[in-house]
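This report concerns only the one structure given below.
The values are calculated or read from the model by the stated rules, or taken from the named source; none is laboratory data. Quantities reported herein were computed from a predicted structural model and do not represent experimental measurements. When we count neighbours, we look across all protein chains shown, and the Cβ atoms used for this are built from the backbone with ideal geometry, even at glycine.
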């Protein structure tokens, strides 16, 4: 469990362990390694044009945010974006690619939300600095607001904060964690963990909530595909450490589920269970990035 202590606060909250059985996996594409830094690299967020990503790394000795240019050929060295001694994580690039929302522990050990202007050289600006845990910020489609998960008691709440005036409104109680907004801004995916991990989608048009998967699997970290037709997510389904139960110590896989016009379609497994694969992000309609322990450490890979 020690290998996850550094970043589990950004990923998993309130998940329990379940015993399940599973079937054999299909064939998979061979992943390509994107980062190979000393230390742990994880949680990629990709610019809308696919030209760069921001990820979390402790290669500086502390959990900071780094920018990496993507594409063929020789690219500039990765650029360090945050320099505070406190941990930074949960990066989310804005729809125009110029701003970055993230969670920092620099002013609150439970986490506050900051914004960094990627087009300028400046310091991050605090958006929320109040008691309680604030996490998983995602941008509204028009970039005027952030949705996020907050927790001041045992139950997480999903809130919205308008950046002009910083007015907060409650969207969903009880809410969840691991938020992801669809590209068209009509649906918000999230995870709940009242008794186990359920993946759900909130529809803004009628304030309804749809359960995508409910059962013995542990499903977390949903992320929309660039075209909004799929939800990528992390699933724990196999007892890979043979302790008689499935939990977050077992190897996780990357999965997708079809989601079109509010309907749920086919589930598909994208990576096998030979390594620990988690935190997917959509690079294009045919390619994703994710975090994996393929080479022993935590790096970002593409498939």
Inset, instruction - Output the residues belonging to region 108-127 that are loosely packed, with under 14 Cβ neighbours inside 10 Å and over 23 Å from residue 47 (Cα atoms). - result: 109
Inset, instruction - With the condition kept exactly as written, say whether any residue in region 269-288 is within 19 Å of the chain's Cα centre (by Cα), more than 21 Å from residue 199 (Cα to Cα) and crowded, with 19+ Cβ neighbours inside 10 Å. - result: yes
Inset, instruction - Considering only residues that are more than 16 Å from residue 52 (Cβ to Cβ) and free of Cβ contacts under 8 Å to residues at least 24 places away in the same chain, look in region 87-107 and name the one that is surrounded by the most Cβ atoms within 10 Å (Cβ to Cβ). - result: 104
Legend entry - Residue in region 167-184 that is within 19 Å of residue 265 (Cα to Cα) and more than 14 Å from the chain's Cα centre (by Cα) present: yes
Legend entry - Residues that are at pLDDT below 95 and surrounded by 12 or more Cβ atoms within 10 Å (Cβ to Cβ), drawn from region 38-58: 39
Legend entry - Hits in region 143-162 (condition: over 20 Å from the mean Cα position of the chain (by Cα) and assigned to a strand (DSSP E or B)): 162
Inset, instruction - Sort out which residues of region 235-244 are closer than 22 Å to residue 301 by Cβ and in contact (Cβ under 8 Å) with a residue 60 or more places away in the chain, and write them in order of number. - result: 237, 238
Legend entry - residue 247 vs. criteria more than 15 Å from the chain's Cα centre (by Cα), on the phi > 0 side of the Ramachandran plot and in contact (Cβ under 8 Å) with a residue 12 or more places away in the chain: no
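Here is a yes/no grid of residues against (1) at pLDDT below 95; (2) surrounded by fewer than 17 Cβ atoms within 10 Å (Cβ to Cβ):
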position	(1), (2)
129	yes, yes
158	no, no
164	no, yes
182	no, no
210	yes, yes
214	yes, yes
218	yes, no
223	no, no
Legend entry - region 108-118, residues that are part of a loop (DSSP other than H, G, I, E, B) and either modelled with pLDDT of 95 or more or closer than 16 Å to residue 62 by Cα (or both): 109, 111, 118
Legend entry - Filter pass, residue 170 being in contact (Cβ under 8 Å) with a residue 12 or more places away in the chain, farther than 23 Å from residue 299 by Cα, touching a strand residue (DSSP E or B) at 6+ places or on another chain (Cβ under 7 Å) and surrounded by 12 or more Cβ atoms within 10 Å (Cβ to Cβ): no
Inset, instruction - From (1) surrounded by fewer than 23 Cβ atoms within 10 Å (Cβ to Cβ); (2) in a strand (DSSP E or B); (3) in contact (Cβ under 8 Å) with a residue 24 or more places away in the chain, pick out the condition that doesn't hold for residue 255. - result: (1)
Inset, instruction - From 50, 89, 73, grab the single residue that is in contact with a helix residue (DSSP H, G or I) (Cβ under 7 Å, 6 or more places away or on another chain) and within 30 Å of residue 227 (Cβ to Cβ). - result: 89
Inset, instruction - Could you please find all residues in region 258-303 being outside any strand (DSSP E or B), under 16 Å from residue 237 (Cβ atoms) and free of Cβ contacts under 8 Å to residues at least 40 places away in the same chain? - result: 274, 275, 276
Legend entry - Residue list for region 44-62, filter: farther than 14 Å from residue 118 by Cα and within 16 Å of the chain's Cα centre (by Cα): 44, 56, 57
Inset, instruction - Could you list all residues from region 184-206 that are surrounded by fewer than 21 Cβ atoms within 10 Å (Cβ to Cβ) and in a loop (DSSP other than H, G, I, E, B)? - result: 184, 185, 186, 193, 194, 195, 196, 204, 205, 206
Inset, instruction - Take region 94-107 and flag every residue that is part of a loop (DSSP other than H, G, I, E, B) and within 21 Å of residue 47 (Cβ to Cβ). - result: 94, 95, 96, 97, 98
